[in-house]
Amino acid sequence: MTSEKKWTLVVGLDFSECGTKALRQALQMAHRGDGVLHIAHAVTQADMGKGDELATQETALEQLPPMITRMVLSQMEHLGMEYEDVPVGLHVRLG
């Protein structure tokens, strides 16, 4: 019998060192508890105008989810977790 998840944990991810630490902590908390982890990332127009590889909104929305997924999987591996250990939702938005 599986238990129903009792709480939701939301962490913002901005690819900074601090954001990576927050992701790691959130993964550990979700792994220990009965929660679901939601990872949120927002892309602003200013970010896309800096000449980085995410040059357009469409490109950003296509490229970011796989990038974030790879980062999450890498952090889970680093923490000795399996993908199935923590329910994760991914949310990428503009603005």
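The values are calculated or read from the model by the stated rules, or taken from the named source; none is laboratory data. Here the structure is a predicted model, which means the values were calculated and not measured. Quick reminder, even Gly has a Cβ in these numbers, built from the backbone with ideal geometry, and neighbours come from all protein chains shown. Accessible surface areas use protein heavy atoms only, side chains included; no ligands, DNA or RNA. Shrake-Rupley method; radii C 1.70, N 1.55, O 1.52, S 1.80 Å.
Roughly how many nanometres apart are two label points built 7 Å out from the Cα toward the Cβ at Glu82 and Leu61?
With each label point 7 Å from Cα toward Cβ, the separation is 3.5 nm.
Of the peptides 64-71, 79-86, 24-31, how do they stack up when ordered by the mean number of other Cβ atoms within 10 Å, highest first?
Order by mean packing, descending: 24-31, 64-71, 79-86.
If I stretch the segment between Asp34 and His91 completely, what's the gain in nm (0.36 nm per residue apart, minus their alpha carbon distance), one decimal?
Values: separation 57, 0.36 × 57 = 20.52 nm, distance 2.04 nm.
Taking 0.36 nm per residue and subtracting the Cα distance, the gain is 18.5 nm.
So how do Lys6, Lys21 rank on accessible area, 1.4 Å probe, biggest first, that is with the largest at the start?
If we order Lys6, Lys21 from most to least accessible, we get Lys6, Lys21.
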